[in-house]
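**Q** Sending over a structure as structure tokens; questions will come in a sec.
The values are calculated or read from the model by the stated rules, or taken from the named source; none is laboratory data. It should be emphasised that the depicted structure is a prediction, and the values quoted were computed from it without experimental measurement. We place every Cβ from the backbone using ideal geometry, glycine too, and count neighbours over all the protein chains shown. Keep in mind that these areas ignore ligands, DNA and RNA; they rest on the heavy atoms of the full protein, side chains included. Shrake-Rupley method; radii C 1.70, N 1.55, O 1.52, S 1.80 Å.
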Amino acid sequence: MVRRRRAKKNGLGCGGMFFGLFLLALICAGGVAWFVFLPAGPAGETFVEILPGSSSTQIGVQLEKAGVVRSRYGFDLVRIWKRGVLKAGEYRFDHAAPVTEVYTRIVRGDVFTLPVTIPEGATRFDIAARVEQAGLVKKEDFLTATVNETALIADLDPQARSLEGYLFPDTYRFPRKATATQIATAMVHRFRTAAAGIGLGTSTGNADTTRDVHSVVTLASLVERETAVNAERPLVASVLTNRLAKKMPLMTDPAVIYGLEVEGKWRGSIYQSDLAHDTPYNTYRHAGLPPGPIANPGLPSLRAALDPAATSYLYFVAAGADPQGKSRFATTLDEHNKNVASYRLAVKQAGGH
């Protein structure tokens, strides 16, 4: 009888031990699930900047202190489980999420950036306003960078007075803490890539196609501001090159406007007195190209400047408010005057001024 009682007692002991281990396993699993899978997060928008070279332990501590994850140890568990490469950068968290989601975002490099779109034909003054509006840098700081950082294009345009013409139009995404110099550098890099794609600023064999990049970009900027119609760009480029060849003044209003912008005298509309105002960019008063680009041209205008259409045109009336939406080209002054009269009549009939 004694032996049977002992056996029964031992059986109960083993069962209790297994039950205890099972219960402990459940508690551990619940703890892991609580750490890893149960969403946690900040009460409001929170930014966490992970510096290059940060260890996973340091990142876990950062996230815990910021309230993004419930525990650094939960983050470590996910790291051991998934074994991804954590990427540096600034991350934005604005809602509760499980540690697995937070970890995946950092492995993916889902850093927070601010978008800014630069349209074709924008000047550095326009771009400065846009980067400030995007919440990146003050426009004054950006304008200063466009003047101080001409070394970025010194190999292409040694005579450049600013980065005007080389801030390539595109949509960019920058970190919140990007500097004016970093923003300008990215835009210049994009220009270099685009220019190389069409053979501008590169050397091929014995032919040096860096052939006066300054003049090509300056011409392209004039084309960009004179017409928004891609099919017309080579024609406008031909008019300008034909006039240059004959040493005729270009007489382009956009260049006059840019000169006024540089001096801080642009009033939003061009007046007859502006055409008489002497700036280096006044192509009514000064023959040849203006001293540098007056805007930042896109690829179609760069291509047109590199390869203008073969025409005898010397004049054109820009589309502007023309209801027909196209420019009018002429070889003689008499033809041009007729085009001007037709343009004014079309605008009048359309109810314009």
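**Q** Under 5 Å between amide H atoms, partner at least 5 residues away or on a different chain: which partners does Tyr315 have, H built in plane at 1.01 Å?
**A** It is Ala330, by chain and number.
**Q** Ranked highest first by average number of other Cβ atoms within 10 Å, how do 243-255, 62-74 line up?
**A** 62-74, 243-255
**Q** Further, regarding this structure: If amide H atoms are built 1.01 Å from N in the plane of the peptide, which residues on other chains or at least 5 residues away come under 5 Å of the amide H of Glu49?
**A** Correct list: Tyr91.
**Q** Looking at this model, which pairs from Lys65/Lys87; Lys65/Lys138; Lys138/Lys265; Lys246/Lys338 are more than 24 angstrom apart at the alpha-carbon?
**A** Correct reply: Lys65/Lys138.
**Q** Per-residue accessible area for His95 at 1.4 Å probe radius, Å² rounded to 10?
**A** Accessible area of His95: about 90 Å².
**Q** Next up: Please give the per residue accessible area of the range 235-303, computed with a probe of 1.4 Å over protein heavy atoms only, in Å².
**A** Averaged over the residues of the range 235-303, the accessible area is 44 Å².
**Q** Could you put Ser269, Ser162, Ser54 in order of accessible surface area, largest first, with the 1.4 Å probe and the full protein assembly present?
**A** Per-residue accessible area, sorted high to low, gives Ser269, Ser54, Ser162.
**Q** By the gyration tensor of its Cα atoms, with a ≥ b ≥ c the square roots of the eigenvalues, what is the shape of the range 139-194: rounded for a/c under 1.5, prolate for a/b over b/c, or oblate?
**A** Note, shape of the range 139-194 comes out oblate.
**Q** Tell me the relative contact order for the range 122-225 as a rounded percent, counting alpha carbon contacts under 8 Å between residues six or more apart.
**A** The value is 24 percent.
**Q** Further question on the same structure: What ³J(HN,Hα) values, in whole Hz, does the Karplus curve 6.51 cos²θ - 1.76 cosθ + 1.60 give for the range 103-116 when θ = phi - 60°, with x put for Gly and Pro?
**A** With coefficients 6.51, -1.76 and 1.60, one gets 4, 4, 4, 6, 5, 6, x, 7, 6, 7, 9, 10, x, 8 Hz.
**Q** Using a 1.4 Å probe over the heavy atoms of the protein chains, calculate the carbon and sulfur portion of the accessible area of the range 62-105 as a whole percent.
**A** In the range 62-105, the share of accessible area belonging to carbon and sulfur is 52 percent.
**Q** Could you tell me whether the range 120-269 comes out rounded, prolate or oblate from its Cα gyration tensor? Rule is a ≥ b ≥ c as square roots of the eigenvalues, rounded for a/c under 1.5, then prolate if a/b exceeds b/c, otherwise oblate.
**A** Taking the square roots of the gyration eigenvalues as a ≥ b ≥ c, the range 120-269 is oblate.
**Q** Output ³J(HN,Hα) for the range 58-68: one whole-Hz value per residue in order, computed from phi by the Karplus curve 6.51 cos²θ - 1.76 cosθ + 1.60 with θ = phi - 60°, and x for Gly and Pro.
**A** Listing the rounded values in order: 4, 5, x, 5, 4, 5, 5, 5, 7, x, 7 Hz.
**Q** Another question about this same structure. What does the charge add up to near Asp253, with Lys and Arg as +1, Asp and Glu as -1, over the other residues with Cβ less than 14 Å from its Cβ? Please report the intermediate quantities before stating the final value.
**A** Details: positive: Arg225, Arg267, Arg285; negative: Glu224, Glu226, Glu261, Asp274.
Around Asp253, the charge tally is -1.
**Q** Round to a whole number: what % of the accessible area of the range 232-287 belongs to carbon and sulfur, probe 1.4 Å?
**A** 54
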